[in-house]
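I have placed the structure first, in the form of structure tokens, so that the comments after it can refer back to it.
The values are calculated or read from the model by the stated rules, or taken from the named source; none is laboratory data. Everything quoted here is computed from the prediction, not taken from an experiment. Here Cβ is always computed from backbone atoms with ideal geometry, including for glycine, and neighbour counts include all displayed protein chains.
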Amino acid sequence: MSYKLQFAELLPYWSVLLYGLVFTIVLTIVSTVAGVAVGTAGAAARTFGPGWLGRIVAVYVELIRNTPFIVQLFFIFFGLPALGLKLSETTAAFLAMVINLGAYSTEIIRAGIEAVPKGHIEAGLSLAMTKWEVLRHVVLNQAFRKIYPALSSQIIIVMLGSAVVSQISAEDLTYAANYVASRNFRNFEVYLLVALAYLALAMLTRSALRALGRVIFKAR
Amino acid sequence: MSLVSIRDVRKSFGQNEVLKGVSLDIAKGDVVAIIGRSGSGKSTLLRCINGLETYQSGSIVADGIEVGGAATNLRELRRHVGMVFQQFNLFPHLTAAENVMLAPTVVNKVSKAEARITAAEVLAKVGLSEKMDAYPSELSGGQQQRVAIARSLAMRPKVMLCDEITSALDPELVNEVLRVVEQLAREGMTLILVTHEMRFARDVGTKLVFMHHGKVHEEGVPKEVFAAPRTPELQQFVGQVG
């Protein structure tokens with residue numbers, strides 16, 4: 001068995017691949033920020049909010065965590081137009097990512113909030129803070145500190161899972177790889193290169209998150 | 001007029017009635033020591049006073065605010081009623097000074113600079129001027145509890161509730177905390193303490209309350225009550241712990 005690697009054949013497509021890489025990076029960053037914001041709000045609602053709101057959030061979380069990401073994506077992109085909500089591939093991709101990470105991070109952040117000793121909350125309340133002030137100033141920092149590694153892992157899982165958005169022609173790195181392979185048929189080279197790019201992205205994300213964590217939680 | 005007035009308060013956790021009609025009057029400047037066996041309802045009573053626990057019937061009025069009402073302004077109540085806990089409950093991500101500054105800046109909207117001046121003042125009062133920028137994890141239990149007292153003091157409360165504040169401390173650290181409380185008492189702070197420190201209750205307290213089975217079983221001037229307990233339950237209790 002002999003196969004002659006010909007990476008040179010990818011060169012004409014460098015701009016397509018670069019665009020895909022940037023798309024994936026931007027998609028990851030935006031959905032991380034928005035997804036963690038959704039997750040924080042969801043976790044706050046489930047732990048500190050009124051019961052009815054907590055139940056709505058619980059339904060959202062279970063719905064997302066128990067269905068495949070690709071089905072969620074297809075539902076948003078192909079299903080919602082039936083209700084008159086027509087989104088571009090890019091918008092649908094971002095939306096699906098945020099909704100997905102939002103659900104997982106709700107559960108992760110909720111675990112962090114529940115791990116904060118009840119006494120700290122009582123101490124905050126006894127100092128005349130409202131429960132929302134206690135949440136913001138006493139609970140969240142401690143909660144994030146506890147669940148930061150778990151949340152980091154989830155962000156990387158979502159980043160790698162973002163490859164699925166290529167299925168609705170959102171122009172991410174995997175979409176670029178498919179595009180190139182369908183033109184020059186250098187499947188081996190293209191997917192090897194893209195696999196390495198994802199690997200590098202994952203490692204980079206991990207160290208970036210670790211560095212960010214050191215800055216945010218510098219105390220102690 | 002009493003600063004805290006407790007009238008026939010009843011409180012149940014499910015089937016278990018822990019407060020069976022408690023009445024108590026606390027005047028400004030009183031140092032009330034509440035003693036009793038575990039499960040007698042003393043901590044629950046204390047937690048009812050600042051609204052951490054609700055109660056089913058009766059009334060508690062603290063500094064003119066009815067505690068149990070549906071529309072009770074708990075924020076206003078708690079600005080005047082401080083609390084110190086057995087487990088210190090310092091916020092671990094904040095330094096000693098930041099712990100003290102948090103409520104004044106968040107609740108009273110005081111500037112950071114002004115809050116830090118107050119923090120320096122109250123931390124000096126508890127003898128921890130040099131630990132302002134230490135994190136709780138860098139402090140001993142006694143030091144942490146003194147920061148917790150300073151944190152409560154920074155809100156300038158009219159009453160302080162102390163829930164077994166020396167029970168989680170190593171024996172050699174108990175006195176440094178009690179000395180701070182004694183100093184507060186001398187300065188005229190109204191204190192309600194749930195405590196197992198009988199000598200402290202006798203020497204510093206102006207009023208002793210013995211709780212038994214969810215009721216005030218006996219109360220009076222500490223020295224007199226300790227010298228001649230009227231009820232057999234208190235006689236037995238004093239015999240066991242004294």
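A compact table of results
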quantity: Any hit, segment B:176-184, residues being within 19 Å of the chain's Cα centre (by Cα) and under 24 Å from B:R10 (Cα atoms); calculated: no
quantity: Segment B:143-161, subset within 11 Å of another protein chain (Cβ to nearest Cβ) and among the small types (G, A, S), residue farthest from B:E182 (Cα to Cα); calculated: B:A154
quantity: In segment B:101-111, residue nearest to the other protein chains (Cβ to nearest Cβ) [restricted to those that are in contact (Cβ under 8 Å) with a residue 40 or more places away in the chain, more than 21 Å from B:E130 (Cβ to Cβ) and in a helix (DSSP H, G or I)]; calculated: B:A103
quantity: Matching residues, segment A:166-194, being of a type in the set (G, A, S) and surrounded by fewer than 20 Cβ atoms within 10 Å (Cβ to Cβ); calculated: A:S169, A:A181, A:S182
quantity: Boolean, B:A201 is farther than 25 Å from B:L94 by Cβ, assigned to a helix (DSSP H, G or I) and in contact with a strand residue (DSSP E or B) (Cβ under 7 Å, 6 or more places away or on another chain); calculated: yes
quantity: Unmet criterion (only one of (1) assigned to a loop (DSSP other than H, G, I, E, B); (2) more than 30 Å from B:C48 (Cβ to Cβ)) for A:M129; calculated: (2)
quantity: Options A:V38, A:V59; residue that is in contact with a Gly (Cβ under 7 Å, 6 or more places away or on another chain), hydrophobic (A, V, I, L, M, F, W, C) and assigned to a helix (DSSP H, G or I); calculated: A:V38
quantity: Scan of segment B:130-142 for residues that are away from every other protein chain (no Cβ under 14 Å), over 21 Å from the mean Cα position of the chain (by Cα) and either under 23 Å from B:A168 (Cα atoms) or surrounded by 14 or more Cβ atoms within 10 Å (Cβ to Cβ) (or both), ordered by number; calculated: B:K131, B:M132
quantity: Of all residues in segment B:145-198 being touching a residue at least 60 places away in the same chain (Cβ under 8 Å) and assigned to a helix (DSSP H, G or I), the one that is surrounded by the most Cβ atoms within 10 Å (Cβ to Cβ); calculated: B:R151
quantity: Among the residues listed as B:E114, B:E76, B:E53, B:E98, the single one being among the charged types (D, E, K, R), within 14 Å of another protein chain (Cβ to nearest Cβ), surrounded by fewer than 15 Cβ atoms within 10 Å (Cβ to Cβ) and not in a strand (DSSP E or B); calculated: B:E76
quantity: Index of the failed condition, B:M198 passing every other in (1) at pLDDT below 95; (2) over 16 Å from the mean Cα position of the chain (by Cα); calculated: (2)
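Here's the yes/no breakdown for (1) in contact with a Lys or Arg (Cβ under 9 Å, 6 or more places away or on another chain); (2) within 23 Å of A:Y198 (Cβ to Cβ); (3) within 14 Å of chain B (Cβ to nearest Cβ):
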residue: A:F94; (1), (2), (3): no, yes, no
residue: A:Y104; (1), (2), (3): yes, yes, no
residue: A:K118; (1), (2), (3): no, no, yes
residue: A:A123; (1), (2), (3): yes, no, yes
residue: A:W132; (1), (2), (3): no, no, yes
residue: A:V138; (1), (2), (3): no, no, yes
residue: A:Q142; (1), (2), (3): no, no, yes
residue: A:A150; (1), (2), (3): no, yes, no
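Conditions tested, residue by residue: (1) of a type in the set (K, R); (2) touching a residue at least 12 places away in the same chain (Cβ under 8 Å).
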| position | (1), (2) |
| --- | --- |
| A:R145 | yes, yes |
| A:P149 | no, no |
| A:S153 | no, no |
| A:E171 | no, yes |
| A:T174 | no, yes |
| A:F185 | no, no |
| A:T205 | no, yes |
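Let's see how each residue does on (1) modelled with pLDDT of 95 or more; (2) touching a helix residue (DSSP H, G or I) at 6+ places or on another chain (Cβ under 8 Å):
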| residue | (1), (2) |
| --- | --- |
| A:L127 | yes, yes |
| A:V134 | yes, yes |
| A:L140 | yes, yes |
| A:M159 | yes, yes |
| A:D172 | yes, yes |
| A:Y175 | yes, yes |
| A:F185 | no, no |
| A:E189 | no, yes |
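Results for (1) charged (D, E, K, R); (2) at pLDDT 95 or above; (3) within 25 Å of A:I109 (Cβ to Cβ); (4) surrounded by fewer than 14 Cβ atoms within 10 Å (Cβ to Cβ), shown as yes or no for each residue.
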{"site": "A:A45", "(1), (2), (3), (4)": "no, yes, yes, no"}
{"site": "A:P50", "(1), (2), (3), (4)": "no, yes, yes, yes"}
{"site": "A:R55", "(1), (2), (3), (4)": "yes, yes, yes, yes"}
{"site": "A:E62", "(1), (2), (3), (4)": "yes, yes, yes, yes"}
{"site": "A:V71", "(1), (2), (3), (4)": "no, yes, yes, yes"}
{"site": "A:F77", "(1), (2), (3), (4)": "no, yes, no, no"}
{"site": "A:L80", "(1), (2), (3), (4)": "no, yes, no, no"}
{"site": "A:A93", "(1), (2), (3), (4)": "no, yes, yes, no"}
{"site": "A:M97", "(1), (2), (3), (4)": "no, yes, yes, no"}
